[in-house]
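Colleague: One structure, pasted below without further comment.
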Amino acid sequence: MRLFKRASDALKDASSLFVANLTTPRSASRNPDIESAVIKATNHDNTRIDYSSAQRIFAWIRVSSHYTRPVLSAISTRMEKTRSWTVALKGLMLLHGVFSCKVPAVQRIGRLPFDLSNFKDRKPNLKHHEAFIRAYYTYLQKKALFMSQHAQEQKAGSLRKGMKNKPKESSMMQDLVWLQNLQGLLDVLLKIKPQKEKMMNVLILEAMDCIVVEIFDIYSRICNAIAAVLVRIYSVGKTEAAMAFSVLQKAAVQAKDLTQYINFCKDFGVIKASESPRIVHIRDEDIGALKHIIETASSKRKNEDLIPKPENNIV
């Protein structure tokens with residue numbers, strides 16, 4: 001039965017490749033070579049990953065922004081047609097890799113061109129795999145919107161260059177909103193979690209490696225941003241200070257949630273979880289110090305002793 005399934009899946013991929021190579025017109029939005037590479041990178045085999053095809057796609061993206069549209073079109077077409085959790089997960093991992101290319105065209109994508117929020121596999125009794133796919137999709141959707149918003153803010157900042165009275169740095173409110181958005185991304189990331197030991201295979205473990213790397217990238221940015229905010233906290237108003245206090249409280253909770261998540265990943269066998277850096281928890285004294293700063297913010301006193309020292313807090 002398993003041999004028959006492999007043969008059937010291989011036939012599906014071969015048929016898709018034949019159609020892509022034979023009928024795909026070359027245009028600004030479609031490219032037969034790219035579509036073939038996407039099909040190979042998202043094949044039905046859940047025992048291996050075609051890294052070489054994925055790397056070809058990433059190379060195209062880095063070479064020219066003109067390849068972004070046909071890559072997204074090919075991934076979208078593949079995702080919209082599939083009812084296989086294997087193909088769907090490989091497609092999401094491929095898109096995650098495209099995001100990591102960090103080129104301007106990718107950062108401006110905005111809303112994803114396909115929807116897996118209600119994904120269902122054609123086979124029954126795969127609800128945990130389906131939930132994993134939906135959670136991963138939800139994160140990538142939110143990340144795409146976050147990157148697009150950040151790109152627009154950067155563009156607006158560049159347009160202000162040369163104007164008189166241009167602010168030398170972003171406002172505290174902008175930084176705090178950006179921080180809250182990062183914390184929101186981390187919350188969504190921590191929901192991507194395999195629920196049963198039966199889900200343990202090469203593909204799921206590879207996806208979890210990607211998730212863990214992403215988690216620590218987001219978490220480190222949160223920590224660095226909080227440290228930068230605390231340095232400036234004495235000079236802001238009560239509203240910004242109260243918002244910073246809320247952010248710090250949220251960071252303390254997320255540090256605990258992150259510790260539990262990484263411990264779960266280690267037990268599950270995720271390699272990157274074992275290589276993760278130490279998670280430094282925010283102490284109650286640090287939160288208390290910030291509360292003290294909030295209470296004295298209106299006086300604008302530059303008392304450095306009120307600011308948590310880097311060696312003692314989250315940095």
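Colleague: All but one of (1) surrounded by 18 or more Cβ atoms within 10 Å (Cβ to Cβ); (2) at pLDDT below 90; (3) among the small types (Gly, Ala, Ser) hold for SER64; state the number of the condition that does not hold.
Modeller: The failed condition is (1).
Colleague: Also, quick follow-up: Quick check, is CYS223 assigned to a helix (DSSP H, G or I), closer than 21 Å to LEU126 by Cβ and under 23 Å from the mean Cα position of the chain (by Cα)?
Modeller: Values: assigned to a helix (DSSP H, G or I): yes; closer than 21 Å to LEU126 by Cβ: no; under 23 Å from the mean Cα position of the chain (by Cα): yes.
No.
Colleague: On to the next question. Checking the condition at pLDDT 90 or above, not assigned by TED's automatic domain parsing to the domain that holds ILE222 and not in a loop (DSSP other than H, G, I, E, B), which residue from ALA151, ALA135 passes?
Modeller: Values: ALA151 fails: at pLDDT 90 or above.
Result: ALA135 is the single residue among ALA151, ALA135 that is at pLDDT 90 or above, not assigned by TED's automatic domain parsing to the domain that holds ILE222 and not in a loop (DSSP other than H, G, I, E, B).
Colleague: Okay, moving on. With LEU112, LEU182 as the choices, which residue is assigned by TED's automatic domain parsing to the domain that holds ALA207, within 30 Å of GLY91 (Cβ to Cβ), surrounded by 16 or more Cβ atoms within 10 Å (Cβ to Cβ) and modelled with pLDDT of 90 or more?
Modeller: That would be LEU182, the only listed residue that is assigned by TED's automatic domain parsing to the domain that holds ALA207, within 30 Å of GLY91 (Cβ to Cβ), surrounded by 16 or more Cβ atoms within 10 Å (Cβ to Cβ) and modelled with pLDDT of 90 or more.
Colleague: Yes or no: VAL188 out of contact with any Leu (no Cβ under 7 Å at 6 or more places or on another chain), more than 21 Å from ARG278 (Cβ to Cβ) and in a helix (DSSP H, G or I)?
Modeller: Against the criterion (out of contact with any Leu (no Cβ under 7 Å at 6 or more places or on another chain), more than 21 Å from ARG278 (Cβ to Cβ) and in a helix (DSSP H, G or I)), VAL188 qualifies.
Colleague: Which condition from (1) surrounded by 16 or more Cβ atoms within 10 Å (Cβ to Cβ); (2) over 30 Å from ASP209 (Cβ atoms) is the one that ALA251 breaks?
Modeller: Condition not satisfied by ALA251: (2).
Colleague: Report, by residue number, each residue of the stretch 224-242 that is crowded, with 19+ Cβ neighbours inside 10 Å and modelled with pLDDT of 85 or more.
Modeller: Once the filter is applied, which keeps residues that are crowded, with 19+ Cβ neighbours inside 10 Å and modelled with pLDDT of 85 or more, the stretch 224-242 yields only ILE226.
Colleague: Can you pull out every residue in the stretch 217-273 that is over 26 Å from MET172 (Cα atoms), of a type in the set (Ser, Thr, Tyr) and out of contact with any Leu (no Cβ under 8 Å at 6 or more places or on another chain)?
Modeller: THR259
Colleague: Could you figure out which of (1) in a loop (DSSP other than H, G, I, E, B); (2) touching a residue at least 40 places away in the same chain (Cβ under 8 Å) isn't true of ARG278?
Modeller: With respect to (1) in a loop (DSSP other than H, G, I, E, B); (2) touching a residue at least 40 places away in the same chain (Cβ under 8 Å), ARG278 is out only on (2).
Colleague: If only one of ILE287, ILE271 is modelled with pLDDT under 80 and either surrounded by fewer than 16 Cβ atoms within 10 Å (Cβ to Cβ) or of a type in the set (Val, Ile, Thr) (or both), which one is it?
Modeller: One residue alone meets the criteria, ILE287.
Colleague: Tell me the residue from THR47, THR86, THR77, THR68 that is assigned to a helix (DSSP H, G or I), of a type in the set (Val, Ile, Thr) and within 16 Å of LEU203 (Cβ to Cβ), please.
Modeller: Just one listed residue meets the conditions, THR86.
The values are calculated or read from the model by the stated rules, or taken from the named source; none is laboratory data. Small disclaimer: the values here were computed from a predicted structure and weren't measured. Counting neighbours? That spans all protein chains shown, and the Cβs are built from the backbone with ideal geometry, glycine included.
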